[in-house]
Number of protein chains: 2
Amino acid sequence: MSEPRRITAAVLIIGNEILSGRTHDVNLKFLGLELNKLGIQVREARVVPDIEDEIVDAVNQCRAKYNYVFTTGGIGPTHDDITADCIAKAFGQKLIHHPVAEKLLRERIAKMGNEVTEARLRMARTPEHAELLINEVSGAPGFKVDNVFVMAGIPRVMQAMFGAAVQFLERGVTLLSRTIGSFVAEGTIATALGLLQDDYPDIDIGSYPFYFDGKPGSNLVLRGPDQARIDEAGGRLHDLIIDLGGKPVEGGVEVPAPKDD
Amino acid sequence: MSEPRRITAAVLIIGNEILSGRTHDVNLKFLGLELNKLGIQVREARVVPDIEDEIVDAVNQCRAKYNYVFTTGGIGPTHDDITADCIAKAFGQKLIHHPVAEKLLRERIAKMGNEVTEARLRMARTPEHAELLINEVSGAPGFKVDNVFVMAGIPRVMQAMFGAAVQFLERGVTLLSRTIGSFVAEGTIATALGLLQDDYPDIDIGSYPFYFDGKPGSNLVLRGPDQARIDEAGGRLHDLIIDLGGKPVEGGVEVPAPKDD
């Protein structure tokens, strides 16, 4: 049996508003989950400010290192939307008004009864060799250049553009997972968990501690490509929690999300 | 008048669970807001997996580039908690059991009626020249080495460790902000907004579009160090929105957060 192919991706979240804490990113979580369904593992994410050199550097570093790069943000009509410019620069391509993107955009502008302005037409700009991510939600499509997919920051627009990106993506091995939680503290289970990890090098065992109702506990996640191996390791983990006096909860203990403001 | 000092920071979020989409990070938002209050601008954030070389590289790149680096995650007792090892390696320091951290940790373990295990004592490990971030919430402190602050991933523990980090931080110029939102679409205001930005190079004008109740609009954020200049630019922006047929909303139009699952 040949080794299943590992396909990796990076996510670049472009925007000062995420770094200042003003806006809370939700796109990374969406992309992490959806890409995993396709067998693509997100191996790095970066949040970069609206500064050309920073964006160009991050794009060039990540496109060399991972199979795919997905960017979100910075493709609207305002002066701070500079992602298209940066992608063109990163690839050494000319920035053009893409004829198909411009046609689609003019149709949308007409339909909305808006005026065609230079600012609105900015949204049709792409590097010269871009392919479009045409979708029903946005007037102007996202685009791809080589292995870099350029999408909007607004979640529902980004999700539509991602839908158009899927056809271009090679599938890899999907990681399956099983989560078992309990109110056994990490410190109590850690040694045995390390030994379990040693026995299953093909499974990535993560421990995610929490405090809930004043009690410490941990959700333990087994991730790997082979269901039978996960079942086997999961069975051992289940028994281990009972041996330590805990009550295993399949799917994990549900802990309320921390309030973020 | 001398130029006020710009102080910058990077945030490194360590953990596979953020990249897989399993866990939604809330620490970046907290750090972005709190650091800005101290006059420190977060200029980059990275999410890195639990892989030693990746963490070491990210720490070394960021500590050279920014005044401060804040890491979250990977300092618990389990096998996948490798942040302390990585920080020691990044600085070329020996990893030790820090005597004060170990004393505090043993006291906490005794108080909780738990057993002292090698796994639990892992949480007292720091690079040899670390200073501790002692706090009331966590049994084991976070720590700092030079300009790198190492904190837990659990939000309330991270926040307590950040409280202990504040004493070490130099203050810079705090950026003030004013937000004005409206249901004027970005494409309608973009040209005038670009001209306003040209007139106020000392102010960073961001445009954050939204769809709400089926209508497009945008929250416009003015950020800069000088209140009088922000008031002046804000006044012009206010009038501009009215000229374009909109109704300016000071503080911004409140848009419900997108659901993230």
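Taken about its Cα centre, the stretch B:86-226 carries a charge dipole of roughly 820 debye when the Cβ of each Lys and Arg holds +1 and the Cβ of each Asp and Glu holds -1.
Separation of the stretch B:21-71 and the stretch B:172-242 by C-alpha centroid, Å? About 27 Å separates the Cα centre of the stretch B:21-71 from the one of the stretch B:172-242. In this assembly, the B-A interface accounts for approximately 5300 Å² of buried accessible surface in total, computed with a 1.4 Å probe and without ligands, DNA or RNA. Compared with the dominant Cα axis of chain A, that is its longest principal axis, helix A:99-111 is turned about 90°.
For the stretch B:7-168, compute Rh as the Kirkwood radius over C-alpha pairs and then the Stokes-Einstein diffusion coefficient at 37 °C and 0.692 mPa s; write the answer in µm²/s, rounded to an integer. For the chosen part, D equals 210 µm²/s. Compared with the dominant Cα axis of chain B, that is its longest principal axis, helix B:155-165 is turned about 90°. Build a GNM of chain B with springs between Cα atoms under 10 Å: which of B:K215, B:K29, B:K103 gets the top mean-square fluctuation? Result: B:K215 has the largest fluctuation of those listed. The radius of gyration of the Cα set in the stretch A:176-250, together with its Dmax, comes out at 11.5, 36 angstrom. Looking at chain B only, what percent of DSSP beta bridges run antiparallel? Nearest 5 please. Of the beta bridges lying entirely in chain B, close to 60 percent run antiparallel. Across every direction, the projection of the convex hull enclosing the Cα atoms of the stretch A:129-261 has a mean area of 11.6 nm².
Note on chain B: with a GNM built from Cα contacts shorter than 10 Å, the maximum mean-square fluctuation among B:S182, B:S20, B:S218 falls on B:S20.
By a 1.4 Å probe calculation restricted to protein chains, A:I96 has an accessible surface near 50 Å², given to the nearest 10. Restricting the GluC sites (Glu not before Pro) of the stretch A:174-261 to loop positions (DSSP other than H, G, I, E, B) with no more than 14 neighbouring Cβ atoms within 10 Å leaves A:E254. Computed on chain B, with alpha-carbon pairs under 8 angstrom and 6+ residues apart, the relative contact order is 16 percent. Rounded to the nearest Hz, the phi-derived 3J(HN,Hα) couplings of the stretch A:7-21 under the Karplus curve 6.51 cos²θ - 1.76 cosθ + 1.60 (θ = phi - 60°) are 10, 10, 8, 10, 10, 10, 9, 9, x, 4, 5, 6, 5, 7, x, where x marks glycine and proline. For the stretch B:21-129, the relative contact order works out to 23 percent when only alpha carbon pairs closer than 8 Å and six or more residues apart are counted. Loop-located trypsin sites (Lys or Arg not before Pro) in the stretch A:172-261 (DSSP state other than H, G, I, E, B) with a sparse environment of at most 11 neighbouring Cβ atoms within 10 Å: A:K259. Of B:F168, B:P201, B:V184, whose Cα points farthest to the positive end of the dipole of the stretch B:114-242 (charges on the beta-carbon: +1 Lys, Arg; -1 Asp, Glu; origin at the Cα centre)? So the residue furthest toward the plus end is B:F168. In angstrom, the C-alpha Rg and Dmax of the protein assembly as shown are 24.2, 72.
Comparing A:V69, A:V150, A:V56 in a Gaussian network model of chain A (Cα springs below 10 Å), the most mobile by mean-square fluctuation is A:V56. Bridges between two residues of the protein assembly as shown, per DSSP, are antiparallel at a rate of about 65%. The accessible-area ordering, largest first, of the residues A:F210, A:F168 stands as A:F168, A:F210, per a 1.4 angstrom probe.
The values are calculated or read from the model by the stated rules, or taken from the named source; none is laboratory data. Because the structure is a prediction, the values reported are computed rather than measured. Please note: Cβ atoms are built from the backbone with ideal geometry, for glycine as well, and neighbour counts cover all protein chains shown. Please note that ligands, DNA and RNA were not included when accessible areas were found on the heavy atoms of the full protein model with its side chains. Shrake-Rupley method; radii C 1.70, N 1.55, O 1.52, S 1.80 Å.
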